[in-house]
Amino acid sequence: MNRRGPVLLIALLLLTALLASFLYGRRSREYTSDQFLMDTLISIKVYGSDPENLRMAVNAAYTEMHRIAELADSFPHPGTAAFAGSDVCRINQQAGIAPVPVNPDTLAMLQLAKKYCELSGGAFDVTIGPLMDLWGFGKIPHIPPPEEIRAALALVGNQDLLLDEIKQTAFLRRRGMKLDLGAIAKGYATEKALQSLKKSGIRKALIDAGGNIRVLGRNPHNSPWRIGIKDPRKSDGIVAILSLEDAAAVTSGDYYRFFEVDGKRYHHILDPRTGYPAVENMAVTAISSDAGIADVLSTVFFVLPAETALKTAAGLGEKVFIVTADHRILYSPSLAANIELLPGTAYRYEQGR
Ligand code: AMP
Ligand code: MG
């Protein structure tokens, strides 16, 4: 009898076991970590073969997010390092007094804000702080008297935010002016976190920062990520599914922070031209390759009439999906191949031009 047969069989089995354990070790794993930051539950999901690398990459991404959050924080926190003054706190404290040296990322956020404020004709304004404070969102929201709205509006004005790129300073020209980076900081921080993941060698990731979605690459099944666009009037309803690859989708809606008086909704996205909550839309999703830009644009487009928003988006080469206050759904024609509209919703679908 050939005695080499069983030996060969055992060797083959061993080799198969070794190969299987090697492949198992290299198979793509998922690592998810959640943190509460910037008033939002943030979730970062990454994929790769080395669990330790995934964990370290996510930690580094969160460090980056915390850093941006601290720069943009408008509330002084007694007893903490931020009490000494975030960049935004210091700019606000020095309003009408002196320009303030700031971090390059603060300057980049303010430049982004200024650019889109000009482009939106004043529908977006990062100096909206005094008006936001007056309405009291986040504290005790209420409808302010018209004369107080007029007084707060007098302190809103992007033209009085002066940025000096050479000296790396920011200055609010008049006393009482106040920055509010609520419409931009989360998206900017999300983009920074994603770029940090990329630097750590991650190729597939999804960051969900409460309505701000940024994906890296394709999903683990190697197809585009599928993102549900919420029905603004049904907490568990979805009006469409968006296919997204290497891009950001950020939603501004009148359902995140609001109160009602006599059946009328008052929400946290204000129109700096009237002093009251913007009335054109219920929810607007901006899609861009950069989460910071998508965040600014979601707020810009939210305040503008849908037709103006669509035209502006087309001019910028960006994309937008809009649910209007009068129950219409419009979206950029360039999104058509990436949108699956769901039946049975309470809206009229009209494709934008
Ligand atoms: P978002 O959810 O990104 O649309 O941001 C809403 C936040 O942006 C608000 O909570 C305010 O902090 C700020 N904000 C509200 N209205 C405006 C506006 N017209 N322009 C710029 N920022 C705004
Ligand atoms: Mg925004």
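When segment 254-280 is examined, which residues are found to be part of a strand (DSSP E or B) and either modelled with pLDDT of 95 or more or surrounded by fewer than 20 Cβ atoms within 10 Å (Cβ to Cβ) (or both)? Scanning segment 254-280 gives Phe258, Phe259, Glu260, Val261, Lys264, Arg265, Tyr266, Leu270, Pro277. Pairing residues of segment 244-268 that are farther than 18 Å from Leu131 by Cβ with residues that are within 16 Å of ligand 2 (Cβ to nearest atom) and at pLDDT below 90, at Cβ distances under 8 Å and at least 6 apart in sequence or on separate chains, gives Val250/Gly211; Thr251/Gly211; Gly253/Gly211. Going by the conditions given, is Val296 free of Cβ contacts under 8 Å to residues at least 60 places away in the same chain, in contact with a helix residue (DSSP H, G or I) (Cβ under 8 Å, 6 or more places away or on another chain), within 14 Å of ligand 1 (Cβ to nearest atom) and within 27 Å of Pro141 (Cα to Cα)? No. Each residue in segment 316-349 was checked for being part of a helix (DSSP H, G or I) and closer than 25 Å to Leu181 by Cβ, and 1 pass. Assuming Ile68 fulfils every condition listed in (1) at pLDDT 95 or above; (2) in contact with a His (Cβ under 9 Å, 6 or more places away or on another chain) apart from one, which condition is it? Tallying (1) at pLDDT 95 or above; (2) in contact with a His (Cβ under 9 Å, 6 or more places away or on another chain), Ile68 fails exactly one: (2).
Is it the case that Ala337 is farther than 21 Å from Asn212 by Cβ, of a type in the set (Gly, Ala, Ser) and touching a His at 6+ places or on another chain (Cβ under 9 Å)? Against the criterion (farther than 21 Å from Asn212 by Cβ, of a type in the set (Gly, Ala, Ser) and touching a His at 6+ places or on another chain (Cβ under 9 Å)), Ala337 does not qualify. Scanning segment 185-224 for residues that are closer than 19 Å to Leu54 by Cβ, β-branched (Val, Ile, Thr) and in a strand (DSSP E or B) yields Ile207, Val215. Among the residues making up segment 144-156, those that are under 27 Å from the mean Cα position of the chain (by Cα) and either modelled with pLDDT under 95 or more than 12 Å from ligand 1 (Cβ to nearest atom) (or both) are Ala152, Leu155.
Residue check: Val239 meets all listed conditions (1) under 30 Å from Leu131 (Cα atoms); (2) away from ligand 2 (no atom under 16 Å from the Cβ); (3) touching a residue at least 40 places away in the same chain (Cβ under 8 Å) but one, namely (1). Within the option set Lys167, Lys186, Lys178, Lys139, being among the basic types (Lys, Arg), within 15 Å of ligand 1 (Cβ to nearest atom) and either farther than 23 Å from Met38 by Cβ or at pLDDT below 95 (or both) holds for one residue only, Lys139.
The values are calculated or read from the model by the stated rules, or taken from the named source; none is laboratory data. Being a predicted model, the structure only gives us computed values, none of them experimental. A quick note on method: Cβ atoms are made from the backbone with ideal geometry, for glycine too, and the neighbour counts reach across all protein chains shown.
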